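Below is one structure, written out as structure tokens, with a few remarks after it.
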Amino acid sequence: MAVASGRVQLVTLRQRSLTVARWRVLWIALGFAFVALMALLRLGYLGMSDSASRATSLEEALLPPRGEIVDRNGIPMARAFPAYALWFNPKALGEDGDPLVRDPAEVAAKLKAIFPDMDESRVAKQLASGQQGYLRRRVLPEDANRVQEIGELALEMPMENDRHYPQGSMAAHVLGYVAADGKGRVGMEQVLDTQLNDPVTRGTPAALSIDVRVQGALEDELRRGMKLVDAQGGAGIVLDVDTGEVLALASLPEFDPNKIDERGQSLMFNRVTNQVYELGSTFKPLSVAAAIDAGVVRDFSRRYDATPVKVGRFAIKDLHSKGNTLNVVETLVYSSNTVTARIADDLGPERMRRYMIDMGLNERPYIELPAKGFPIWPGDNWPRLRNMTVSYGHGIAVTPLHLASAYAAMVNGGIWRPATLHKVEPGAAPKGRRVFKASTSSRMRQLLRAITVFGTGKNADAHGYRVGGKTGSAEKPGGSAGYRRTALVSTFAAAFPMDRPRYVVIAMLDEPRGTVASSYQRTAGWTAAPIVGRLVPRIGPLIGVRPDETRDVDISDIRPLIPGKTS
């Protein structure tokens with residue numbers, strides 16, 4: 001009976017085990033069936049839903065982490081790519097104990113051998129202090145391998161999205177840079193930050209108005225001009241007179257957006273859009289244009305008193321007297337302060353002020369860049385003396401961009417348009433506002449051409465390009481007398497070709513010195529004008545202006561008004 005009872009218990013135990021096994025298999029099968037059902041439901045949902053979601057997800061995966069910036073011809077100026085960084089993590093070996101196996105100075109020396117430009121002492125101090133942080137951004141893969149060979153776990157090589165500027169420092173003040181937080185700073189990187197990060201728009205490169213060929217030539221000639229006369233800085237711009245597009249904008253010395261350090265931070269100030277200057281005699285054509293437009297100047301042959309102008313205890317004089325009387329043409333060709341002041345006096349401060357306002361000289365310059373300087377504006381009520389001094393560029397301080405936009409309005413038929421760094425499609429130029437009559441603009445083209453052919457702008461007269469423009473040499477404010485006689489701002493404002501103006505070119509040098517290259521002269525005719533004279537033949541063929549000796553603006557009716565220039 002005992003044996004039978006044992007057999008019954010064994011059979012019962014076996015049946016229970018089989019039952020448990022069957023339930024387990026069933027539950028597993030049900031689990032697989034549930035997963036399969038969910039997968040089928042998901043597939044069905046995706047198949048029945050809008051296919052755009054799948055396309056968007058794929059597109060999102062293929063988009064660059066930050067949109068590209070290109071010039072007007074599609075040449076990359078800023079792009080994102082994955083890169084290694086060198087990060088010091090003092091907790092890599094645990095919370096306690098030394099973060100490094102070797103001495104910090106030894107590790108810093110090994111890193112210096114890999115990166116010759118690295119500040120070894122600074123890195124050694126950071127390693128010794130145990131302060132986490134970047135030791136270097138943008139590390140090449142082969143250099144990352146060499147860092148790993150050092151054998152320090154605290155030297156980590158995270159992969160990050162980096163911003164690269166293929167043109168180096170070119171157009172740095174236009175582009176700006178991307179900071180460690182991924183946000184754009186200073187230039188168009190800041191202006192376009194939302195667009196460059198938005199998945200909807202970052203797949204399409206942002207096209208600027210800049211032409212890298214023109215930009216490179218401008219920076220090259222401006223840098224050369226600075227070196228020849230030992231100037232502290234320089235600024236330049238090339239502007240399309242019909243659309244307001246900026247083809248080139250340079251502020252020197254420049255910074256490198258690929259490597260932002262303390263020196264780079266100190267060079268980010270933009271002289272073209274953010275620094276205001278008294279631009280001197282470059283204002284004289286604007287004042288004469290206002291007088292012509294208002295009907296104050298009708299007869300170019302009229303002789304004006306060119307002797308010193310006395311207003312109260314002040315006297316306005318010419319640097320070099322050209323006689324006791326001058327006509328309007330001679331006034332600009334010889335750059336007379338006294339006659340320009342008398343013409344402005346005839347025009348009156350209210351009308352002069354209105355023309356200056358219409359040219360935007362009372363407001364920050366119109367452009368997308370965030371850094372824009374506010375002019376030193378004389379206010380609402382101009383006394384007689386202030387009106388006179390403003391007429392030849394003193395007592396008012398503006399940026400070189402202000403001057404470029406004003407000259408564009410003066411030569412393009414009289415329409416002022418805001419400057420822009422966005423590429424403007426054909427036919428999409430802003431309407432602008434009329435400042436001068438078309439007849440006034442036509443006359444000013446003649447006068448500006450005469451200045452370059454016969455006057456202070458001769459060194460800018462590039463053969464075949466019909467350049468017209470005006471020099472300006474203004475003492476910088478400061479010193480006991482109000483101005484520093486030893487410090488000049490030398491500017492040449494030009495347009496070409498004058499028979500059908502297409503581009504304005506501004507070249508400015510900050511505190512040039514008299515050197516052998518400038519025949520020991522500091523004024524704009526010897527320092528800034530030659531920059532334009534060399535630049536125009538370089539950029540003309542690139543932007544559709546070819547030299548033509550058979551064409552020019554007709555100045556036959558004003559040529560007899562310049563003594564000795566009748567042929």
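The values are calculated or read from the model by the stated rules, or taken from the named source; none is laboratory data. What you see is a predicted model; the values in this text were computed from it and never measured. Heads up, the Cβs are rebuilt from the backbone with ideal geometry, glycines too, and the neighbour counts pull from every protein chain shown. Side chains included, ligands, DNA and RNA excluded: accessible areas come from the protein's heavy atoms. Shrake-Rupley method; radii C 1.70, N 1.55, O 1.52, S 1.80 Å.
Scanning the range 70-80 for residues that are open to solvent by 70 Å² or more (accessible area, probe 1.4 Å) and either assigned to a strand (DSSP E or B) or more than 22 Å from Arg213 (Cα to Cα) (or both) returns a single hit, Arg79. Taking Leu542, is it within 22 Å of Tyr465 (Cβ to Cβ) and surrounded by 22 or more Cβ atoms within 10 Å (Cβ to Cβ)? Against the criterion (within 22 Å of Tyr465 (Cβ to Cβ) and surrounded by 22 or more Cβ atoms within 10 Å (Cβ to Cβ)), Leu542 does not qualify.
Ala105 meets the conditions (1) assigned to a helix (DSSP H, G or I); (2) open to solvent by 80 Å² or more (accessible area, probe 1.4 Å) in every case but one. The failed one is (2). The single condition among (1) closer than 24 Å to Ala248 by Cα; (2) out of contact with any helix residue (DSSP H, G or I) (no Cβ under 6 Å at 6 or more places or on another chain); (3) of a type in the set (Phe, Trp, Tyr) that Trp377 does not satisfy is (1).
Residues in the range 414-423 that are open to solvent by 10 Å² or more (accessible area, probe 1.4 Å) and out of contact with any Lys or Arg (no Cβ under 9 Å at 6 or more places or on another chain) were compared, and the one that is farthest from Thr282 (Cα to Cα) is His422.
Restricting Ile367, Ile343 to those that are among the aliphatic types (A, V, I, L, M) and either open to solvent by 20 Å² or more (accessible area, probe 1.4 Å) or part of a loop (DSSP other than H, G, I, E, B) (or both) reduces the list to Ile367. The residue list Ala235, Ala289 contains one member that is in contact (Cβ under 8 Å) with a residue 12 or more places away in the chain, within 29 Å of Gly455 (Cα to Cα) and not in a helix (DSSP H, G or I), which is Ala235. Of all the criteria given as (1) within 23 Å of Leu509 (Cβ to Cβ); (2) within 24 Å of the chain's Cα centre (by Cα); (3) of a type in the set (Gly, Ala, Ser), the one not satisfied by Gly360 is (1). Any idea which residue in the range 545-567 is least open to solvent (accessible area, probe 1.4 Å), counting only those that are part of a helix (DSSP H, G or I) and out of contact with any Lys or Arg (no Cβ under 6 Å at 6 or more places or on another chain)? Once the filter is applied, the top-ranked residue is Leu561. Of all the residues that make up the range 164-183, how many are touching a strand residue (DSSP E or B) at 6+ places or on another chain (Cβ under 7 Å) and within 25 Å of Leu218 (Cα to Cα)? Number satisfying all stated conditions: 11.
The residues of the range 379-429 that are among the β-branched types (Val, Ile, Thr), outside any helix (DSSP H, G or I) and under 19 Å from Asp345 (Cβ atoms) amount to a single one, Ile396. Is the range 522-529 home to any residue that is at pLDDT 95 or above, among the aromatic types (Phe, Trp, Tyr) and open to solvent by 60 Å² or more (accessible area, probe 1.4 Å)? Checked the range 522-529: at least one residue is at pLDDT 95 or above, among the aromatic types (Phe, Trp, Tyr) and open to solvent by 60 Å² or more (accessible area, probe 1.4 Å). Could you tell me which residue of the range 450-497 is farthest from the chain's Cα centre (by Cα), considering only residues that are of a type in the set (Val, Ile, Thr) and outside any loop (DSSP other than H, G, I, E, B)? Among those residues, the one meeting the criterion is Val453. Only one of the numbered conditions (1) modelled with pLDDT of 95 or more; (2) surrounded by fewer than 23 Cβ atoms within 10 Å (Cβ to Cβ) is not met by Val329, and that is (2). Residues in the range 472-507 that are polar (S, T, N, Q) and open to solvent by 10 Å² or more (accessible area, probe 1.4 Å) were compared, and the one that is modelled with the highest pLDDT is Ser473. Just one of the listed residues (Lys284, Lys310, Lys317) is basic (Lys, Arg), open to solvent by less than 20 Å² (accessible area, probe 1.4 Å) and either within 26 Å of Ala404 (Cα to Cα) or modelled with pLDDT under 95 (or both), and it is Lys284.
In the set (1) in contact (Cβ under 8 Å) with a residue 40 or more places away in the chain; (2) among the hydrophobic types (A, V, I, L, M, F, W, C); (3) closer than 17 Å to Val504 by Cβ; (4) buried (at least 19 other Cβ atoms within 10 Å of the Cβ), the condition left unmet by Phe454 is number (3). Within the range 154-191, the set of residues being among the hydrophobic types (A, V, I, L, M, F, W, C), open to solvent by less than 60 Å² (accessible area, probe 1.4 Å) and more than 20 Å from Ile237 (Cβ to Cβ) comprises Ala154, Leu155, Met157, Val178, Ala179.
Considering each residue of the range 512-522 in turn, at least one proves to be under 26 Å from the mean Cα position of the chain (by Cα) and under 12 Å from Met226 (Cα atoms). For the range 508-521, a residue qualifies if it is part of a loop (DSSP other than H, G, I, E, B) and open to solvent by 10 Å² or more (accessible area, probe 1.4 Å), and the qualifying residues are Glu511, Arg513, Gly514, Thr515, Ser519, Tyr520, Gln521.
Scanning the range 218-237 for residues that are within 12 Å of Met508 (Cβ to Cβ) and open to solvent by 10 Å² or more (accessible area, probe 1.4 Å) returns Met226, Ala231, Gln232. If I ask for residues that are open to solvent by less than 10 Å² (accessible area, probe 1.4 Å), in contact (Cβ under 8 Å) with a residue 40 or more places away in the chain and more than 22 Å from His164 (Cβ to Cβ), which ones from the range 238-264 would you list? Matches in the range 238-264: Val238, Leu239, Val241, Gly244, Glu245, Val246, Leu247.
Scanning the range 149-207 for residues that are among the polar types (S, T, N, Q) and part of a loop (DSSP other than H, G, I, E, B) yields a total of 4.
Evaluation of Met388 against the conditions (1) free of Cβ contacts under 8 Å to residues at least 12 places away in the same chain; (2) in contact with a Lys or Arg (Cβ under 9 Å, 6 or more places away or on another chain) shows that the sole unmet condition is (1).
Residue-wise test of (1) of a type in the set (Lys, Arg); (2) in a loop (DSSP other than H, G, I, E, B); (3) exposed (fewer than 10 other Cβ atoms within 10 Å of the Cβ); (4) at pLDDT below 75.
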residue	(1), (2), (3), (4)
Arg14	yes, no, no, yes
Ala21	no, no, no, yes
Val25	no, no, no, yes
Ile28	no, no, no, no
Ala39	no, no, no, yes
Tyr45	no, no, yes, yes
